[in-house]
Amino acid sequence: MKETLVRNVFSKVASNYDIMNDAMSMGVHRLWKDHFIRSMSPARGAKLIDVAGGTGDIAQRFLEYQDKINGDSTSSVHMVDINPDMLREGEQRFASTKWHDDERIGFTVGNAENLEFVKDGEFDVYTIAFGIRNCTHPERV
């Protein structure tokens, strides 16, 4: 099953995932992600759910954009990833930021194809960057 294969692969690479992305894209993935956030142009107070959020690079960029561009300290992000090892990397990333122990960020192990724990209207923005390619049934995401 694809879901099990994806989970196993990402468990093995979780601690090196960001380094691997840098090497494989020659750092260009960072430019794409920065452009992604700028294009999103989130409003002050926006609540983002970052599905397949993994190591938290989209989530961190979102909060940095809100702080620096919008002068906003109320926006929040909730990361969801099917792989607990990847999500743990995201938690570790935020442990060394000003957002550690902050209610503005949350983490949930969950499947992009089944987000039943999310209430209607709970979030303003939904992202699933490169994670969409690893979903078994992208039409359910």
When residues of the range 96-141 are limited to those that are farther than 20 Å from MET1 by Cβ and in contact with a Lys or Arg (Cβ under 6 Å, 6 or more places away or on another chain), the one least open to solvent (accessible area, probe 1.4 Å) = PHE123
Of the residues that make up the range 62-78, is at least one open to solvent by 60 Å² or more (accessible area, probe 1.4 Å), touching a residue at least 40 places away in the same chain (Cβ under 8 Å), in a loop (DSSP other than H, G, I, E, B) and of a type in the set (A, V, I, L, M, F, W, C)?
-> no
Expected output for the range 107-132 (first residue in a strand (DSSP E or B), partner open to solvent by 70 Å² or more (accessible area, probe 1.4 Å), Cβ below 6 Å, 6+ apart or cross-chain) is PHE107/GLU91
Restricting attention to the range 79-95, which residues are in a helix (DSSP H, G or I) and either open to solvent by less than 30 Å² (accessible area, probe 1.4 Å) or basic (Lys, Arg) (or both)?
-> MET86, LEU87, ARG88, GLY90, ARG93, PHE94
Looking only at residues in the range 1-35 that are in contact with a Lys or Arg (Cβ under 8 Å, 6 or more places away or on another chain) and over 23 Å from VAL109 (Cβ atoms), which one is modelled with the lowest pLDDT?
-> ASP22
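The values are calculated or read from the model by the stated rules, or taken from the named source; none is laboratory data. On a predicted model such as this, the values are computed, not experimentally measured, just so you know. Neighbour counts run over all protein chains shown; Cβ positions are idealised from the backbone, glycine included. Ligands, DNA and RNA are excluded from the accessible area calculation, which covers all protein heavy atoms including side chains. Shrake-Rupley method; radii C 1.70, N 1.55, O 1.52, S 1.80 Å.
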